[in-house]
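**Q** Shown below is the structure under consideration.
Any read-out appearing in this document is the output of simple, stated calculations on the displayed coordinates, not a laboratory observation. Because the structure is predicted, anything quoted here is derived from the model rather than measured. Cβ atoms come from the backbone with ideal geometry, glycine included; neighbour counts cover every protein chain shown.
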Amino acid sequence: MAPIEYLLFEEPTGYGIFKVKLQKDDVGSNLKEVQKQINDFGSFTKLVEQVSFAPFKGAAQALENANDISEGLVSEHLKAVLDLNLPKGSSKKSVTLGISDKNLGPSIKEHFPYVDCISNELAQDLLRGVRLHGSKLLKDLQPGDLERAQLGLGHAYSRAKVKFSVQKNDNHIIQAIALLDQLDKDINTFAMRVKEWYGWHFPELAKLVPDNYKFAKLVLQIRDKSSLNEDSLHDLTAILDDDSGIAERVISNAVISMGQDLSEIDMENVCVFAERVVGLVDYRRQLYEYLSEKMHTVAPNLSELIGEVIGARLISHAGSLTNLSKQAASTVQILGAEKALFRALKTKGNTPKYGLIYHSGFISKASAKNKGRISRYLANKCSMASRIDNYSDEPTNAFGQILKKQVEQRLEFYATGSPTLKNEIAIQEAMKLFNKDKPEPVQTSKKRKLAEDEEDEEDSDSDSEKKEKKQKKEKKEKSVKKEKKDKKDKKDKKEKVEKVEKVEKTEKKEKKEKKEKKDKKDKKEKKDKAEKKEKKVKKDKKKD
């Protein structure tokens with residue numbers, strides 16, 4: 001490995017370029033003596049020296065550069081710093097630069113082909129030393145400047161990372177769907193408790209009215225069953241969705257009920273609990289409306305395609321809408337069935353066909369043999385819808401409507417064989433639907449139109465000149481790239497030919513050696529046979 005010649009040090013106040021004067025061996029970099037030398041300022045100055053320090057113009061530029069580095073990009077400022085301070089490399093001699101973030105290496109290599117970026121343990125140790133003695137090495141800074149800059153940039157970077165659009169915030173969706181699921185469990189548990197508790201007084205009511213919400217409301221209305229009479233029919237009918245038949249049966253069963261009487265304080269406690277259940281159900285409805293509204297704002301296409309609740313569950317399971325949009329369709333298909341997937345992989349059984357999307361109406365409509373096929377198709381469309389929702393600036397459900405239409409047509413195709421709408425035509429239809437809602441451009445007067453046309457012509461002329469220059473530049477770059485590529489190809493071919501020749505030579509040599517060994521072996525065997533034969537002949541003669 002080539003020795004490190006230069007170091008790139010990223011500071012909150014700017015970029016520093018340091019030259020490595022003495023380099024310790026990579027093998028002995030972990031020795032105590034080496035580490036001690038890096039920690040000691042006097043010894044460390046013998047290892048590196050400052051070449052240049054380029055400060056940022058302000059906090060905004062510092063934040064911009066910090067964001068670029070975190071994404072592995074080379075900013076214009078960094079490009080200028082490297083161009084000015086690093087020696088010009090060539091194909092024969094490259095410059096080795098030590099960096100702290102290995103993701104930055106490919107971007108630097110793209111702009112500076114003859115700069116080799118290294119981010120090994122030795123480079124990290126040297127950069128740690130620069131960071132440790134930064135306030136002394138960077139002479140232009142005042143005491144405490146680095147700490148203040150680090151604190152300010154840290155706050156600004158964190159603020160930029162957690163900033164979000166109030167309209168397109170999916171955190172509330174994740175919390176709302178989690179609360180909705182919790183409320184469903186709690187309402188079921190509490191409703192069962194109300195039925196069991198009130199059942200001691202009026203056991204027949206639970207069979208007549210199985211719905212939890214209506215049962216709780218009836219408990220609050222009836223209270224003591226002995227108070228029911230023909231006058232209560234109207235109030236009971238209003239609670240039971242105008243079903244007078246059930247209301248009459250409730251009154252008649254109250255007369256002949258087998259339940260025991262409850263004391264006033266017991267009845268009060270039952271009614272308070274029933275009131276709490278009714279309140280929870282009402283809040284659950286309100287929360288569902290809020291979730292639907294939020295889903296139509298944040299992910300209109302996904303909610304149009306698969307429904308608000310399932311869409312919200314997918315977002316919640318993925319962690320965010322951005323994470324969901326990055327998932328492949330095959331991953332979206334089995335989201336929520338991870339346990340079954342790993343069990344199948346472990347036991348080498350069949351992997352699950354669907355996860356959370358199983359609750360969609362499309363899968364329930366499909367026949368048993370087509371459930372897997374439609375789930376795969378639906379997951380593909382969900383993936384497309386989530387990407388459109390995440391990356392589009394203007395929220396619209398136009399694409400969701402067309403995608404839903406495609407899924408419905410695919411269901412028909414499985415049943416009857418009728419063709420499905422192609423993706424190209426589907427997107428064209430969606431774009432028409434999207435542009436339909438937009439207002440038409442306002443018509444201008446003739447004079448104004450002429451003036452605008454003249455300005456457009458001037459702009460087009462300047463644009464055409466720019467385009468020509470750009471085209472020339474691109475042609476030149478292409479020709480240079482082509483020459484480089486040709487040279488590289490020739491070199492590669494030559495190397496391949498040399499390798500092939502080398503292999504052939506070694507093979508021939510090996511064959512020759514094998515043949516010689518075989519010949520020697522054969523000669524030896526023949527000689528041994530002849531000697532044995534002579535010995536036998538002599539023996540026979542002696543006997544005679």
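**Q** For the chain, what is the percent of antiparallel DSSP beta bridges, rounded to the nearest 5?
**A** Taking every DSSP beta bridge with both residues in the chain, the antiparallel ones total about 70 percent.
**Q** Along the Cα-to-Cβ line of Lys109, 7 Å from the Cα, sits a label point; which residues in the stretch 469-489 have backbone N less than 18 Å from it?
**A** In the stretch 469-489, the label zone of Lys109 (backbone N under 18 Å from the point 7 Å along Cα→Cβ) covers 485, 488-489.
**Q** Take the alpha-carbon positions of the chain, form their convex hull, and give its projected area averaged over all directions (one quarter of the hull surface) in nm².
**A** Working: hull surface 249.5 nm².
Dividing the Cα hull surface by four gives the mean projection, 62.4 nm².
**Q** How far is helix 145-162 tilted off the main Cα axis of the chain, in degrees rounded to 10, range 0 to 90?
**A** Roughly 50 degrees, rounded to the nearest 10.
**Q** Can you classify the stretch 286-344 as rounded, prolate or oblate using the Cα gyration tensor, where a ≥ b ≥ c are the square roots of its eigenvalues, rounded means a/c under 1.5, and otherwise it's prolate if a/b beats b/c and oblate if not?
**A** Verdict is prolate for the stretch 286-344.
**Q** Still on this structure: Within the chain, what's the longest run with no trypsin sites (Lys or Arg not before Pro) in a DSSP loop and at most 16 other beta-carbon atoms within 10 Å? Give the range, please. Walk me through the numbers before you get to the answer.
**A** Working: sites that count: Lys21, Lys57, Lys88, Lys92, Lys93, Lys139, Lys163, Lys168, Lys348, Lys422.
Result for the longest clean stretch: 169-347.
**Q** Add +1 for every Lys or Arg and -1 for every Asp or Glu among the other residues with Cβ under 11 Å from the Cβ of Gln61, and state the total.
**A** So the surrounding residues net to -2.
**Q** Taking chymotrypsin sites (Phe, Trp or Tyr not before Pro) that fall in a DSSP loop and have at most 13 other Cβ atoms within 10 Å as cut points, what is the longest piece of the chain between them?
**A** Value returned for the longest uninterrupted segment is 201-544.
**Q** Another one. Helix 446-543: angle to the longest alpha-carbon principal axis of the chain, degrees 0 to 90, nearest 10?
**A** The two axes meet at around 60 degrees.
**Q** With a Förster radius of 25 Å, plug the Cβ-Cβ distance of Leu179 and Leu341 into 1/(1 + (r/R0)^6) and report the FRET value to the nearest 0.05.
**A** Computed FRET efficiency for Leu179 and Leu341: 0.35.
**Q** Then there's this: Would you calculate a helix-derived [θ] at 222 nm for the chain, using -39,500 (n - 2.57) for each DSSP H run of n ≥ 4 and dividing by the full residue count, to the nearest 500?
**A** -22500 deg cm²/dmol
**Q** Tell me whether the stretch 6-162 comes out rounded, prolate or oblate; compute the Cα gyration tensor, take square roots of the eigenvalues as a ≥ b ≥ c, and use a/c under 1.5 as the rounded threshold.
**A** oblate
**Q** Pairs of alpha-carbon atoms within less than 8 angstrom and 6+ residues apart define the contacts here; what relative contact order does the chain have, in percent?
**A** The value is 9 percent.
**Q** Using only Cα atoms and rounding to the nearest 10 degrees, what angle (0 to 90) does helix 371-391 make with the longest principal axis of the chain?
**A** The angle comes out near 80 degrees.
**Q** Hey, rough spin-label estimate for Lys36 and Val51, points 7 angstrom out along Cα→Cβ, what's it come to in nanometres?
**A** My value for the distance between the label points is 3.1 nm.
**Q** For Lys499, what is the net charge nearby, where nearby means another residue's Cβ is under 13 Å from its Cβ and Lys, Arg count +1, Asp, Glu -1?
**A** Neighbourhood net charge equals 0.
**Q** Around Asn229, with a cut-off of 13 angstrom between Cβ atoms, what is the net charge of the other residues, counting Lys and Arg +1 and Asp and Glu -1?
**A** -4
**Q** Amide H of Asp116: which non-local residues (sequence gap of 5 or more, or other chain) have their own amide H closer than 5 Å, using H built in the peptide plane?
**A** Val95, Thr96, Leu97
**Q** Aspartates and glutamates within cross-link reach of Lys36: Cα-Cα under 19 Å, excluding same-chain residues under 8 positions apart?
**A** Of all the aspartates and glutamates, those that pass the test against Lys36 - Cα under 19 Å, at least 8 places apart if same chain - are Asp25, Asp26, Glu49, Glu121, Asp125.
**Q** Another question about this same structure. Test of understanding: what is the full-extension gain from Lys499 to Asn171, defined as 0.36 nm times their sequence separation minus their Cα-Cα distance?
**A** 112.2 nm
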